[in-house]
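Engineer: Just dropping this structure here.
The values are calculated or read from the model by the stated rules, or taken from the named source; none is laboratory data. Predicted, not measured: the structure shown is a model, and the values here were computed from it. Please note: Cβ atoms are built from the backbone with ideal geometry, for glycine as well, and neighbour counts cover all protein chains shown. Each accessible area value is taken on the protein alone, full model and side chains, heavy atoms only, with ligands, DNA and RNA left out. Shrake-Rupley method; radii C 1.70, N 1.55, O 1.52, S 1.80 Å.
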Amino acid sequence: MFETLLCSLVTILPDYLYRTRVQGKALGVDITFFSIWYELRWGITACAVLTISLITTIFYYHPSTTAVTSFFRTVTILPEAGGRVAEIKVRTGDLVEAGQPLFTLDASAQESAAETARRRIAEVEAALAVAEDQLAAAEGTVRQAEGSLDQARTELERKQTLAERSPDVVAGQELDRLINLVESRTGALRAASASRDAVQTEIDTLLPAQRASAEAALAEAEVALSKTVVRAGISGRVEQFQLREGDFVSPVLRPAGLLVPEDHLDGIFTAGFGQISAQVLEPGMVAEITCASMPFTVVPMVVVSKQDVLASGQFRPTDQLRDVQEVVRPGTVMVTMEPLFEGGTSGIPAGSTCIANAYTNFGDQLENGDLSTAQFVFYHVVDTVGVVHAAMLRIQAIMLPVRTLVLSGH
């Protein structure tokens, strides 16, 4: 409408003035409702062409969209293992810090496992004390066997010496008995040494390994016990936390609530423009938004990034070929905007639905001066008609509450 009114001032109005002032035709006599379409045909045609051209220029070089919002990520409150809720420490709406306990689960099984592991460690320590006593006893047995063996060897050597001097003094049967006695006590010494080595190996290897296994089981039980206390992974606000004592929560099917991070109020807005604006939108462009959650307010923004791909073209490999006709809705060109001035979006809740305009600026090209006359005029026209789009956004900001509260019928 505004474009038509502006264009009519330089097309229909001059044609009307020419017909009435120069040709002398009177309104209501020569120019009536039925003849005006013929009498002012040149002005009306020129107005239609100029209006269409102006609208095309405005919406191409200064694109607009109603698909604008500030996305934020929610974190699901989930335990690492399922269980019954034993105690609740927070409520919906509470602000929590990272690591703060939210609720606890029934930990009787984990406590029993931890206590069993502690008992096992105590059992291994007792077995180690007993093994040390057994080692002392084995050492005594080895010394006793060594003494008996030395005694038998000494007796054998003495009898052998006597037999060498006087063969008739020592009987051969006696020498055989002493030799067998030495061999027997040598075997007893070896058995005592082996028993001592076995006890030493048990002290040095077996019992430490058993203790390490018991300590690992205790550590595992303590980790499982610590997981019964569900803590906040990030700092944020607790939402939809309707948990009650005795409820069963699971990491798969039964979440407890949501955490909304504190950094969602960073003022970053994402807008989806039509694909026809892909060649116009560039980082650094000035933009403006107005949101339903903050009526009568226009916030200046700046485009900081543009997504190089369109969501409509993404796919996941399956066992069927993808048909292009399956893409029903064309994807939008996603751009990210942030406030041009610090704190400009501080009063807009995250997730608000907004309207955005982006404005093309040929100021740098105009300042260079190395332009043809046609380019100079064209760039000036493009920069000038941006005012029309800015005015339309402000009218939308004024009419948004009226349209929402009065004209929507809700």
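Engineer: If a paramagnetic tag sat 7 Å from the Cα of R329 along the Cα-Cβ line, which residues of region 274-290 would have the backbone N under 16 Å from that point?
Structural biologist: The answer is 274-275.
Engineer: Between V402 and R118, what is the spin-label point distance in nm, taking each point 7 Å from the Cα along the Cα→C-beta axis?
Structural biologist: For the pair V402/R118, the computed spacing is 7.4 nm.
Engineer: What list of ³J(HN,Hα) values in whole Hz, one per residue of region 352-364 in order, does the Karplus curve 6.51 cos²θ - 1.76 cosθ + 1.60 (θ = phi - 60°) give from phi, with Gly and Pro shown as x?
Structural biologist: So the J values, rounded to whole Hz, are 5, 8, 9, 10, 9, 10, 10, 10, 6, 10, 9, x, 5.
Engineer: Further question on the same structure: So if I average 1/r over every pair of distinct C-alpha atoms in region 261-410 and take the inverse, what Kirkwood radius in Å does that give?
Structural biologist: Values: mean 1/r = 0.0555 Å⁻¹.
Every distinct Cα pair counted, the radius reaches 18.0 Å.
Engineer: Also, quick follow-up: Would you mind checking which residues have amide H under 5 Å from G83's amide H? H placed 1.01 Å from N; only 5 or more apart, or other chain.
Structural biologist: When sequence neighbours closer than 5 places are left aside, the close amide H contacts are V249.
Engineer: Please identify the GluC sites (Glu not before Pro) of region 1-95 that satisfy two criteria: DSSP loop assignment and at most 13 other Cβ atoms within 10 Å. Which are they?
Structural biologist: Values: sites: E3, E39, E80, E87; in loops: E80.
Here the GluC sites (Glu not before Pro) that fit, given the DSSP loop and packing criteria, are E80.
Engineer: Then there is this: Ratio of region 285-366's C-alpha Rg to 2.2 N^0.38 Å, to two decimals?
Structural biologist: On the way: Rg = 17.6 Å, N = 82, 2.2 N^0.38 = 11.7 Å.
Its radius of gyration relative to the 2.2 N^0.38 Å reference: 1.50.
Engineer: Hey, can you find the accessible area per residue of region 358-402 for me, probe 1.4 Å, expressed in square angstrom? The partial results should precede the final answer.
Structural biologist: Working: 2630 Å² over 45 residues.
I get 58 Å² per residue for this part.
Engineer: Pop out the ³J(HN,Hα) list for region 75-92 in order, Karplus 6.51 cos²θ - 1.76 cosθ + 1.60 with θ = phi - 60°, rounded to Hz; leave Gly and Pro as x.
Structural biologist: Per-residue couplings from phi come out as 10, 6, 8, 9, x, 7, 9, x, x, 8, 6, 9, 8, 10, 10, 9, 10, 4 Hz.
Engineer: Now for a separate question. In whole angstrom, and with the biggest value first, how far do the Cα coordinates of the chain range along each principal axis?
Structural biologist: So the extents along the principal axes, rounded to whole Å, are 176, 55, 46.
Engineer: Build a GNM of the chain with springs between Cα atoms under 10 Å: which of T360, T69, T201 gets the top mean-square fluctuation?
Structural biologist: Of T360, T69, T201, the most mobile in the Gaussian network model is T201.
Engineer: Then there's this: Through the Karplus equation 6.51 cos²θ - 1.76 cosθ + 1.60, θ set to phi - 60°, convert the phi angles of region 9-25 into ³J(HN,Hα) values in whole Hz; use x for Gly and Pro.
Structural biologist: 5, 10, 10, 5, 5, x, 5, 5, 5, 5, 5, 8, 8, 8, 7, x, 7
Engineer: Using DSSP loop states and a limit of at most 12 other Cβ atoms within 10 Å to flag trypsin sites (Lys or Arg not before Pro), what is the longest stretch of the chain containing no flagged site?
Structural biologist: Details: sites that count: R73, R91, R244, R322.
Of all site-free stretches, the longest is 92-243.
Engineer: Something else: In region 277-406, if the dipole is taken from +1 on Lys/Arg beta carbons and -1 on Asp/Glu beta carbons about the Cα centre, which of V377, Q365, F341 is farthest to the positive end?
Structural biologist: Checking the options against the dipole of region 277-406, the answer is F341.
Engineer: Separate question: Given C-alpha coordinates of region 196-279, what is the ratio Rg to Rh with the Kirkwood estimate of Rh?
Structural biologist: A ratio of 1.39.
Engineer: Further, regarding this structure: Taking R0 as 56 Å, what FRET efficiency do you get between A127 and R73 from their Cβ-Cβ distance, rounded to the nearest 0.05?
Structural biologist: E(calc), rounded to 0.05, equals 0.55.
Engineer: Using only the Cα atoms, work out Rg/Rh for region 219-329, with Rh taken as the Kirkwood radius, to two decimals.
Structural biologist: Values: Rg = 22.5 Å, Rh = 20.0 Å.
Reported Rg/Rh, Kirkwood definition of Rh: 1.12.
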